[in-house]
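The structure appears below as structure tokens.
The values are calculated or read from the model by the stated rules, or taken from the named source; none is laboratory data. Computed from a predicted structure; not experimentally measured. Using ideal geometry, Cβ is built from the backbone for each residue, glycine included, and neighbour counts are taken over all protein chains shown. The accessibility values were calculated without ligands, DNA or RNA, using every heavy atom of the protein model including side chains. Shrake-Rupley method; radii C 1.70, N 1.55, O 1.52, S 1.80 Å.
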Amino acid sequence: MGANIMLVPETLLPSFVSFQLREGVSIIGRSLDCDFVVKHQTISRRHAEITVRDDRMTIRDLGSHNGTFVDSKRICESRPIVVGQRVGFGTACFLLAPSATDEDVLSASEGTVPIDQGKNGAASLNGLSSAENRVLEQILNGMDANRVAEALQLSPNTVHNHMRAIYKKFGVHGARELVTLFVPRHARSLTSDSKSDPPTEEI
């Protein structure tokens, strides 16, 4: 089971990285000794563990300071989790998603997967071409159009076209509105005073 499940980041992280779950116990935290290292200010050195055994997954908090969440609800003991649920470590939120290599995930459309709004209307990284996904990653890391163009070595016009397509697919009008789809309610409330605003450029 673990070979086909990933933790996909949905919040603004310093590095936009997905983690492939494997059979057994995986530790999530800031320490380099952890299986999944997430450098985020609200994550403890050894924050939580996810266990994959046969067809079951469980998550357990390891006494973290800022808590572990399942679908925005803080957990106090080991809890079963399934694909489609969102798990939070402090204010960093991840989606439990099928691996991108899973044949069931791929759409008949070349290079895209279906749009999945998920629970509470939160968007996941779906419905986009590979080029649009790369642009989206940069937007969620706080870059404006010019910086995205420079980072991806694209023309500003190409980046603007990709941004228009992304906004249309997610039904938003700008970067600020797009970012809110990827940050759960509990994360937005906890980070409103500590994080800088995302780019406000609208297209």
statement: Restricting the range 167-185 to residues that are open to solvent by less than 80 Å² (accessible area, probe 1.4 Å), out of contact with any Lys or Arg (no Cβ under 8 Å at 6 or more places or on another chain) and assigned to a helix (DSSP H, G or I), the one modelled with the lowest pLDDT turns out to be Leu181
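Taking the condition in contact with a strand residue (DSSP E or B) (Cβ under 9 Å, 6 or more places away or on another chain) and loosely packed, with under 15 Cβ neighbours inside 10 Å, does Arg164 pass? Break it down stepwise before answering.
Numbers: in contact with a strand residue (DSSP E or B) (Cβ under 9 Å, 6 or more places away or on another chain): no; loosely packed, with under 15 Cβ neighbours inside 10 Å: yes.
Taking the combined requirement at face value, the residue does not satisfy it.
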task: Report, ordered by the first and then the second residue, all pairs with beta carbons closer than 7 Å, sequence separation of six or more or different chains, a first member in the range 52-72 that is without any contact (Cβ under 8 Å) to a residue 60 or more places away in the chain and acidic (Asp, Glu), and a second member that is part of a strand (DSSP E or B) and open to solvent by less than 100 Å² (accessible area, probe 1.4 Å).
output: Asp61/Ala48; Asp61/Thr68; Asp71/Arg86
- line: For the range 4-43, the count of residues that are at pLDDT below 80 and either in contact with a strand residue (DSSP E or B) (Cβ under 7 Å, 6 or more places away or on another chain) or surrounded by 13 or more Cβ atoms within 10 Å (Cβ to Cβ) (or both) equals 8
- line: Scanning the range 27-85 for residues that are acidic (Asp, Glu) and out of contact with any helix residue (DSSP H, G or I) (no Cβ under 7 Å at 6 or more places or on another chain), the one nearest to Leu95 (Cα to Cα) turns out to be Glu49
message: If I ask for residues that are in contact (Cβ under 8 Å) with a residue 40 or more places away in the chain and either among the small types (Gly, Ala, Ser) or out of contact with any Phe, Trp or Tyr (no Cβ under 9 Å at 6 or more places or on another chain) (or both), which ones from the range 137-172 would you list?
response: Ile139, Gly142, Met143, Asp144, Ala145, His160, Met163, Lys169, Phe170
